[in-house]
1. Taking the range 73-105, which residues are among the hydrophobic types (A, V, I, L, M, F, W, C), over 15 Å from the mean Cα position of the chain (by Cα) and within 11 Å of residue 59 (Cα to Cα)?
2. Residue 188 - would you say it is closer than 17 Å to residue 266 by Cα, in contact with a Ser or Thr (Cβ under 9 Å, 6 or more places away or on another chain), among the aliphatic types (A, V, I, L, M) and part of a helix (DSSP H, G or I)?
3. What is the number of the single condition among (1) assigned to a helix (DSSP H, G or I); (2) crowded, with 24+ Cβ neighbours inside 10 Å that residue 79 does not meet?
4. Considering only residues that are among the hydrophobic types (A, V, I, L, M, F, W, C), in contact (Cβ under 8 Å) with a residue 24 or more places away in the chain and out of contact with any Lys or Arg (no Cβ under 8 Å at 6 or more places or on another chain), which ones fall in the range 6-22?
5. Name every residue in the range 11-32 that is in contact with a strand residue (DSSP E or B) (Cβ under 9 Å, 6 or more places away or on another chain) and farther than 19 Å from residue 153 by Cβ, in order of residue number.
Amino acid sequence: MKIVLTGADGQLGRSCARIWADAHTITPLDHHKLDITDLEHVRAVISSARPEAVVNCAAWNAVDGSESNPEPAWSINAHGPRNLAIACQEVGATLVHFSTDYVFDGNTDRHYIESDSVNPLSEYGRSKAAGEEAVKDHTDRFITARVAWLFGIGGRNFIETMMRVGNERGEVAVVNDQWGTPTFTDDVAIAAEKLLRQEFFGLFHLSSVGETTWNGFAAAIFREAQLDVKVSETTTEGMNRPAPRPRYSVLDNTHLRATLQKEMPTWEDALARYMSAR
């Protein structure tokens, strides 16, 4: 399959490019080569490339910064997917687009399924929810995959931050009142490719199985790395971040199980594989 990959220089983009390379012809594009916020530029690039699929890994992930400066988030996370969807519809290509658990408010004690109503708390979350709607409104050949707490080889992520701070200080303070599921970008890439290859369209959750807090995740990282680092507890309120976070945003991969008859790996298994490969 001939695939155009946006956001190719990010964690998820690198995983998709590496894992899909043997089975598909990938054209990786970063934001310098494809400005997804410019509809006419998107149309020109996609029309010229004539791909069978466009995989959108481009995203603005500055959650806190988006509260005071929301324009980049809305341009990239909402208008960008709309532009890609329009261009894909015009050439008959499938759009694979990635969204986030932050489209939910976290005011629940059960796992979110794909049919649950969204209610984002932050500008970042609202921009991602708008991107989901734009994709659905402008093309009928789409796979929207919500992911959560991503980490990938060679990227800036929570694991690498913990390893750096833990080695420097020997102690870290991490929130213990936000629940979610750490997810390896390689696992997301594998699952998304299966959906694309078999033309299973629609909205999917592609997160690891299980749940933990950021505090529990940090402790697991240091256990896996065999580092003696003290992990103390703090609260979301104590961190005083500009953007509100969902308290409980664990995703259930209901549609994926029903479609592929398979489940994602556990987050503990994903962490172990990442730490062996980093």
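What follows is calculated from the coordinates using simple rules that are stated; it is not laboratory data. None of the values given here were measured: they were computed from a predicted structure. Using ideal geometry, Cβ is built from the backbone for each residue, glycine included, and neighbour counts are taken over all protein chains shown.
1. 74
2. In short, yes.
3. (2)
4. Passing the criteria: 12, 16, 19, 20.
5. 24, 25, 27, 29, 31 - these are the residues of the range 11-32 that are in contact with a strand residue (DSSP E or B) (Cβ under 9 Å, 6 or more places away or on another chain) and farther than 19 Å from residue 153 by Cβ.
Results for (1) surrounded by 15 or more Cβ atoms within 10 Å (Cβ to Cβ); (2) within 23 Å of residue 123 (Cα to Cα); (3) within 16 Å of the chain's Cα centre (by Cα), shown as yes or no for each residue.
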position	(1), (2), (3)
175	yes, yes, no
183	yes, yes, yes
201	yes, no, no
208	yes, no, yes
216	yes, no, no
232	no, no, no
